[in-house]
1. What residues have an amide H closer than 5 Å to that of THR263, excluding those fewer than 5 places away on the same chain, when H is modeled at 1.01 Å from N in the peptide plane?
2. Taking θ = phi - 60°, what integer Hz values does the Karplus form 6.51 cos²θ - 1.76 cosθ + 1.60 yield along the range 203-219, in sequence order, with x for Gly and Pro?
3. Can you sort SER149, SER326, SER142 so the residue with the fewest Cβ neighbours within 10 Å comes first?
4. Going out from 0 in 10 Å bins, what whole percent of all Cα-Cα distances in the range 197-360 drops into each bin?
5. Order these peptides, 341-352, 103-114, by their mean beta-carbon neighbour count within 10 angstrom, highest first.
6. Read phi for every residue in the range 241-256 and hand back ³J(HN,Hα) as whole Hz from Karplus 6.51 cos²θ - 1.76 cosθ + 1.60, θ = phi - 60°, with x for Gly and Pro.
7. Work out from phi, with θ = phi - 60° and the Karplus expression 6.51 cos²θ - 1.76 cosθ + 1.60, the ³J(HN,Hα) of each residue of the range 150-159, listed in order in whole Hz, and give x for Gly and Pro.
8. How much net charge surrounds LEU175 when only the other residues with a Cβ under 12 Å from the Cβ of LEU175 are counted, with Lys and Arg +1 and Asp and Glu -1?
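Please treat every number below as a calculation from the coordinates, not as lab data. In this text, all values refer to a predicted model and were calculated from it rather than measured experimentally. With ideal geometry, Cβ positions are generated from the backbone for all residues, glycine too; neighbour counts draw on all protein chains shown.
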Amino acid sequence: MAQGFFRRKGKTAEEADAFQRFIDQKLRELSHTPSGKKRKTSSPARAKIKFPAKKSAKGKGRRKRILLSPGKATMAPEKAKKAAAKRITPVAIVPKRPGASENPYLPKPYRVLDYVRESPDTFTIAVDMKTYHDPGQFVQVSLPGFGESPISICSDSREFIRLNIREVGTVTKALAKLKVGDTVLIRGPYGRGYPMQALRGNDLIIIGGGCGVAPLKGIIDYVYNHRAAYKDIYLFLGYRSPDDILFQKELEQWKKDYHVHMTVDENKQQKFCYEATTGFVTDKLKAAPIDNHGKVAFVCGPPIMMKFTTHILKEKGFNDDQIFVSAERLMYCALGVCCHCMIRGKFTCIDGPVFRYDEIGHIKND
């Protein structure tokens with residue numbers, strides 16, 4: 001190599017041989033440490049074998065990269081593994097209950113036992129899920145190919161559960177096509193329900209608006225099964241129109257056992273509805289002669305309705321620890337991992353959906 005270089009520079013062969021011997025001598029000296037031990041060199045015998053990168057259609061010799069997000073950020077495979085290890089989040093441990101899913105992420109198949117059309121856009125199904133649950137808890141219901149949706153349990157039975165579902169999206173519209181005998185996938189129950197055991201011996205005021213009546217029906221059924229444990233029960237139920245009234249078959253029984261007050265926002269066709277007056281349920285509550293002595297209030301409905309309802313209860317002397325609200329948020333994991341259901345620094349799926357009023361502060365129309 002040295003001879004060819006020197007010939008191009010006009011040097012003689014003797015000069016080229018002398019320079020080559022000089023280079024060889026220096027390489028031998030550098031290959032030994034002061035202690036006499038050979039040290040590693042970058043000679044071909046010791047060089048690390050490098051496999052050529054696969055050529056892509058867009059360019060030659062590009063390294064394979066991993067897409068981290070829908071954006072343009074990418075990362076090499078070895079770095080991606082380290083980054084993924086740092087992003088692992090511990091899963092919240094949910095106490096097991098009879099009939100609940102062993103794997104909190106894995107649903108189980110259940111059979112539809114009953115199907116009732118409550119209103120033009122609302123229906124109730126009963127499934128053979130035998131599990132213990134508190135009023136106010138929810139389950140994640142899914143159908144393959146359509147997705148998953150959180151649904152509140154609106155019954156108090158250990159042999160089955162009832163789910164009141166409103167058709168508002170892809171999943172719920174697919175669930176509306178179910179028939180008795182079909183199979184549906186469910187995981188849960190999840191969340192914190194109403195503390196019914198701790199509230200024994202009180203009067204209960206149940207205030208629901210629209211589809212918010214469904215989670216409260218779990219309380220109504222629970223009280224019916226434990227009637228001696230509670231005193232007077234007051235129901236304030238508000239709906240948009242007579243066609244939107246839920247659980248009409250149960251209303252006759254509720255009339256016998258409870259103090260029922262029901263309103264509809266409008267009744268353009270002047271349809272007959274069960275002792276319902278035209279107006280807002282908040283006006284009905286405000287006019288009712290109710291104080292805070294020995295009473296507990298449960299509120300569930302649209303945010304604006306809950307806001308005014310809690311204000312009226314505060315005007316009537318109710319303390320924050322006498323008011324329980326049920327928050328509605330879109331919950332994906334139901335385990336406090338995805339953080340999609342945060343409200344005032346709390347997870348709706350594990351800290352709720354039932355909150356005492358002093359836990360989340362004043363309700364805003366958001």
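1. Under 5 Å from the amide H of THR263: LEU237, GLY238, TYR239, THR277.
2. 7, 10, 10, 10, 10, x, x, x, 5, x, 5, 4, x, 6, 4, x, 5
3. Details: SER149 22, SER326 28, SER142 18.
Going from least to most buried by this count: SER142, SER149, SER326.
4. 10, 38, 35, 15, 2
5. Working: 341-352: 19.6, 103-114: 14.4.
Ranking the peptides 341-352, 103-114 by packing returns 341-352, 103-114.
6. In residue order, the calculated couplings are 8, x, 5, 9, 5, 9, 6, 5, 5, 7, 4, 4, 6, 4, 4, 6 Hz.
7. x, 10, 6, 7, 10, 8, 9, 9, 9, 9
8. Values: positive: ARG166, LYS173, LYS177, LYS179; negative: GLU148, GLU167, ASP182.
In short, +1.
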